[in-house]
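Single-structure report; data block below.
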Amino acid sequence: MRCSTISRAARLVLRASFARAGARFAQRHSTAFALALLLAMPAAEASEVQLQAPRAFGYVVGDTLTLEADIRLDPGARLDPASLPQPRKVSSWLDLVSVEITPPLGAVPAGAYRLRMTYQSFFSALEPRSLEIPPWPLTIRDGEARRTLSVPAFRFVVSPLRELVPSHGGNPMALQPDILPAPAPLGPDMKKAGLSAAVAALAALGLALAQGWRPFASGRRPLAAAAREIQRRRAEETPQAYRDALVTLHRAFDASAGRRLLKEDLGAFLEEAPALAPEREDIERLFGASRTAFFGAGIPAARSELPYADLVALSGRLARAERQMPRAALQGTVEEAP
Amino acid sequence: MSHTRSFSRARFARRAVTALLAIVVLGALACLIVQGVRLAALARDNATIAALAAGRDLPVAVDASARVLLARAHFLMVRDRLDEAHPLVELLARKGDPAQAAAGWYDLGNARLARALSHLERTQIDPAVPQVRLAKAAYRAALTLDPQFWDAKYNLDVALRLVRDFPEVERDVKEEPQEAPKRVWTDLPGLPKGLP
């Protein structure tokens with residue numbers, strides 16, 4: 001006790017004598033001293049770094065800490081990009097994982113930056129202890145002048161993750177179990193595949209309805225049905241087949257118009273169903289031939305008026321034209337004003 | 001005349017609807033094909049993973065998926081073929097799937113540490129130390145990928161207590177001797193088995 005008091009006193013005496021010597025030195029070289037002070041001092045004091053520190057306690061092995069430094073620069077001063085820290089292994093227990101600066105250091109100098117540094121500590125503490133993230137010097141350039149602005153050090157307390165010796169016995173070296181390889185989950189892809197299949201099916205159904213494809217056309221497109229019937233029998237070159245084809249087409253026109261259709265009514269009907277209008281000439285020929293066949297000179301004369309092949313071709317063209325007709329018109333429920 | 005015009009407009013609209021529906025059908029079918037191909041690949045991968053888990057020694061291509069690589073690496077690890085497993089885990093880490101890569105590093109760390117512990121049980125210290133160091137590096141790689149990986153933290157803590165390697169912190173301790181309590185742990189590895 002006494003010994004330490006004496007040594008403290010000795011130290012005080014020593015320090016005082018050094019201070020006196022320093023003062024004498026300063027007096028003797030006062031001009032040079034002031035000059036040196038001026039040179040050492042930066043041109044302006046406005047640039048500064050402020051650390052937005054995270055919590056300083058309660059870290060275990062493997063935890064990350066994000067230090068944010070607000071850097072404010074003098075007008076005209078620029079941050080030297082080369083002086084920014086790079087992600088690296090800082091020490092055996094500390095990694096600098098990532099460094100971000102906003103706004104990015106580009107051609108346009110900004111007055112204020114935020115530097116975000118994420119560290120990861122791998123210190124395995126046996127008891128709570130304080131560790132330090134070292135300071136980082138940043139270089140500021142102002143024209144020719146250079147000065148160093150330091151991101152301050154940060155101290156934090158790490159804690160142990162587990163007991164030093166298990167209090168309930170057991171193996172202190174027992175490891176947590178492996179992660180077993182697991183099969184890839186198929187659910188999300190199954191769901192997506194199901195969705196695409198449903199969309200494809202719905203759109204295909206819509207397309208089939210719009211195009212009048214079988215079986216979506218049955219009964220509702222009489223000309224198409226007639227065309228199919230006639231196509232089916234087109235190889236038969238008999239008068240009976242020709243007669244049946246005429247009858248079939250008449251029935252189809254009747255169904256399409258929603259009433260019995262005679263040659264005289266064609267003009268009104270074609271106004272109701274303009275999709276068929278381009279075929280007007282051939283439809284009139286058909287009705288003429290049919291009148292010849294049933295009420296006039298008979299089937300051979302009608303066949304010279306409208307050959308069987310032409311009849312078959314016409315039925316196909318009519319079926320195609322019918323697809324362009326709105327559905328309501330097919331059912332004969334619309335009494336459109338011309 | 002206006003009737004014909006309205007009709008042609010209607011026909012144009014119908015054609016547009018038809019074209020749109022056709023495009024939708026084709027697009028949905030293309031999606032379906034893509035999904036089907038993906039599903040087939042996944043099913044193949046899952047078959048390989050199941051076979052490896054069942055103990056069949058299946059080789060795995062370098063361009064295999066991350067899960068398959070992990071399954072193969074794990075197969076090798078549990079059979080103590082760590083020198084074959086290590087490059088597979090490195091390959092896995094380059095696949096861009098952080099969860100699988102972290103699992104690979106963690107399992108490799110476990111395998112290395114288990115080997116080190118079995119050396120130590122037979123008091124073979126020299127071969128144990130490098131295994132502990134490699135295990136630590138593996139756990140660190142896992143924790144870099146996933147800092148919230150608690151099992152990796154725990155096992156890294158076990159490895160770090162086994163062989164301590166903080167030279168600058170130890171130096172710190174020497175500089176302020178009166179602040180630090182007596183070091184209970186030395187740099188020598190060993191199993192704490194209680195007092196003699």
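The values are calculated or read from the model by the stated rules, or taken from the named source; none is laboratory data. Note that the structure is predicted; figures quoted are calculated from it, not measured. Cβ sites come from the backbone with ideal geometry, for glycine too, and all protein chains shown count toward neighbours.
Values computed for the structure shown
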quantity: Residue within segment B:85-93 that is touching a Lys or Arg at 6+ places or on another chain (Cβ under 9 Å), of a type in the set (Gly, Ala, Ser), more than 11 Å from chain A (Cβ to nearest Cβ) and surrounded by 12 or more Cβ atoms within 10 Å (Cβ to Cβ) present; calculated: yes
quantity: Qualifying residue in segment B:103-126 (condition: away from chain A (no Cβ under 13 Å) and either in a helix (DSSP H, G or I) or among the acidic types (Asp, Glu) (or both)); calculated: yes
quantity: Single residue of A:Ala273, A:Ala227 found to be modelled with pLDDT of 85 or more, within 30 Å of B:Val24 (Cβ to Cβ) and assigned by TED's automatic domain parsing to the domain that holds A:Met325; calculated: A:Ala227
quantity: Qualifying residue in segment B:58-66 (condition: modelled with pLDDT of 90 or more and either within 21 Å of B:Lys153 (Cα to Cα) or surrounded by fewer than 21 Cβ atoms within 10 Å (Cβ to Cβ) (or both)); calculated: no
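For (1) among the polar types (S, T, N, Q); (2) without any contact (Cβ under 8 Å) to a residue 24 or more places away in the chain; (3) within 14 Å of chain B (Cβ to nearest Cβ), each residue gets a yes or a no:
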position	(1), (2), (3)
A:Asp74	no, no, no
A:Thr102	yes, yes, no
A:Gly111	no, no, no
A:Leu115	no, no, no
A:Arg141	no, no, no
A:Arg162	no, yes, yes
A:Leu175	no, yes, yes
A:Ala182	no, yes, yes
A:Gly187	no, yes, yes
